[in-house]
1. Divide by every residue of chain A the summed helix terms, -39500 (n - 2.57) for each DSSP H run of at least 4, and state the resulting mean residue ellipticity at 222 nm, rounded to the nearest 500 deg cm²/dmol.
2. If you take the C-alpha gyration tensor of segment A:1-105, multiply each eigenvalue by 5 and take the square root, what semi-axes do you get, largest first, in whole Å?
3. Can you give the Kirkwood hydrodynamic radius for segment A:52-233, in Å, rounded to one decimal and based on Cα pairs?
4. To test your reading of the geometry: what angle, between 0 and 90 degrees and rounded to tens, separates the Cα axis of helix A:10-47 from the longest principal axis of chain A?
5. Compute the whole-percent fraction of alpha carbon pairs in segment B:17-151 spaced more than 21 Å apart.
6. Between residue A:11 and residue B:180, with labels modelled 7 Å along Cα→Cβ, what's the label distance in nm to one decimal, could you check?
7. Given Cα pairs under 8 Å that are at least 6 residues apart, what percent is the relative contact order of chain A?
8. Using Cβ contacts closer than 10 Å as the measure, can you line up A:106, A:55 from fewest to most?
């Protein structure tokens, strides 16, 4: 009987099917676009570089800004202590830096250790964390221009020759473009500072707290592990990262919530109207003495039929078409469990929404329902 | 037996109370046919709906067969319409997406019956619709649709037949076929309440109830 009714009301059934298909398909597209955008934002923000500078207790920030890094250092193992802790940061790069002269030009010799990430949470290294091979130097763009250095050439640093492994892209920031990166241990030897570092670059995590409170929270959290060290956030980067990611998260929630609400409303409206329009038929069944549950099954059966097929088709087409709507490089499609949840939820919602008009019809006097057919 | 005792039925519309039946009493003994006549709006359809248990009276008492409908819950009234009360509507109320045969078989959704298909075919054949078994309502004439609706009503061999203007939309030939079937049901022992505002030939009522403005006037 359900199939017979479907055959007779092809347009109505097709419309119901399409609404469910569109609702579920668009929901999956929206989830994909949102998740991909959020992830792309995360990557872009991460690519802005470290947002936290940890310096020794006795470091003078003003002197640091003036590229004078002397007279302040801390043990190299501080990096490991941070990596082994639960501070509100990750991606740690310990470095020993000193402003020196090479061929009469001022550069910042920077010995860097391979990046450490929080223990147990392997992560892709930061794009500005350099793992310099032994006996090589990576040279900032301004320094390279000044020193007339090119990749593959040799550079004498404080009496030792290093091969120029890479000329770094211009960052447009001081002193980044005048840095000469070598391995930390080599820098420590050259600068007579074995086992010492004078700065740790870190990436503050995406803390679930207000931007204003992030710096204080970071300081407090790091102070627990390394009492006395100075924690200076690169405020603009930190705030931009936090606000941007927060905004994208909100956008994702909002977009998905709106889409969910729109889908649910569309399904509600259509299933309600579908049943509402069949009230006279419902009246005939009641007038013939057909039991209410049996009648309800006939009506719910049709709703189930178009909602299950619609949601399966919608999920499948949404999954296939979603990449076409994503403008970011990485496409994050919803997980299989999310898709199954949507495919199941749509028919459940449709059935739930169809029940009130069915029950209302069954509770009404059949005479009234039949009268509707004559009006 | 169909018995109405001081039955009132009031409808509410825009805050006003509209009396459709006003203190109506009558009794149709078992096996008899009563013809109810009267102008439109006199309460004839309301009387049928009340007797079928399709709505509840505002006041009074209704007994159908040996059972009072007064306190029967909706599902029990529905059961009675499955077993021993049949209603024939002026507007047929066939299910549009079912064929003539399937429409006649609809009561089997409420209670299965042996040789249901055979009986449905026989009824349709008796009513001259053997060529229309697979036709849908919109492929049949008004007379054919009414005969199909009548076949559906007679499917469970009801003791009570309530027919609301069954010939109202029919040509004389179709009307005659329908009335003859109702008369045959009466001959088999059914009690019939037949509503019509037209003159009825081919049938001889045992009693006539003239209605006007919700009252029986004679």
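1. -18500 deg cm²/dmol
2. 64, 16, 9
3. Kirkwood radius, segment A:52-233: 16.8 Å.
4. 10
5. 52
6. 4.1
7. Value for chain A: 30 percent.
8. Fewest-to-most ranking of A:106, A:55: A:106, A:55.
Just so you know, all these numbers are worked out from the coordinates, no wet-lab data involved. As the structure is a computational prediction, the values presented were derived from the model and not from experiment. Using ideal geometry, Cβ is built from the backbone for each residue, glycine included, and neighbour counts are taken over all protein chains shown.
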